[in-house]
């Protein structure tokens with residue numbers, strides 16, 4: 001089964017690298033992407049729909065909507081280097097006893113970025129991944145915030161075209177992290193997701 005989405009990297013020299021090379025009928029590895037040269041990275045489909053972001057500011061395009069992130073007064077899209085690109089897929093494989101693997105299809109696509117920010121209080125590590133779920137025809141953002149200082153009652157919010165779409169109040173101790181999943185759309189009624197606070201084992205210098 002052909003994947004409905006594939007990734008595309010637009011380079012700063014106007015060249016383009018796509019996951020599938022139609023001229024040679026081959027698949028290109030994500031490891032071949034030159035992240036530092038990439039101006040824009042996205043998943044696109046055959047209808048021209050795209051979900052991705054600019055590496056100049058980290059602002060996501062979801063169709064015609066612009067998605068941005070803030071923590072208190074700190075603009076998480078206010079820097080100029082969002083080249084640490086994240087991309088992966090989730091597969092669903094069907095097995096039949098005695099036969100083995102029958103089929104493997106992609107049921108979710110993930111695209112995002114991670115970055116360390118220097119604030120007046122210390123270093124803040126932020127990771128955001130957008131999931132395109134074919135299973136429930138939904139789109140969500142999962143964010144992870146890991147500071148090396150205490151965050152007390154700071155409001156984190158996601159805005160869509162300048163309007164607040166989702167938010168949470170963050171109380172995070174130094175050395176811990178908090179994750180949150182916010183759905184932009186899905187066919188079934190979304191369940192209320194709890195904020196998860198955990199000890200951070202992630203390397204904030206990635």
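Within region 19-64, take every residue that is surrounded by fewer than 14 Cβ atoms within 10 Å (Cβ to Cβ) and part of a strand (DSSP E or B) and give me the one that is modelled with the highest pLDDT.
My answer is 27.
Quick check on my filter: what residues within region 120-150 are closer than 16 Å to residue 72 by Cβ and crowded, with 18+ Cβ neighbours inside 10 Å?
124, 125, 126, 143, 145, 146, 147
Which condition number in (1) more than 24 Å from residue 68 (Cβ to Cβ); (2) in a loop (DSSP other than H, G, I, E, B); (3) at pLDDT below 90 is the one that residue 174 fails?
Here residue 174 meets the rest and fails (3).
Could you say which residue among 30, 41, 5 is touching a helix residue (DSSP H, G or I) at 6+ places or on another chain (Cβ under 9 Å), in contact (Cβ under 8 Å) with a residue 24 or more places away in the chain and more than 25 Å from residue 167 (Cβ to Cβ)?
41
Consider residue 79 carefully, then state whether it is modelled with pLDDT of 90 or more, in a strand (DSSP E or B) and surrounded by fewer than 19 Cβ atoms within 10 Å (Cβ to Cβ).
no
The values are calculated or read from the model by the stated rules, or taken from the named source; none is laboratory data. Keep in mind the model is a prediction, meaning the values are calculated, not measured. Please note: Cβ atoms are built from the backbone with ideal geometry, for glycine as well, and neighbour counts cover all protein chains shown.
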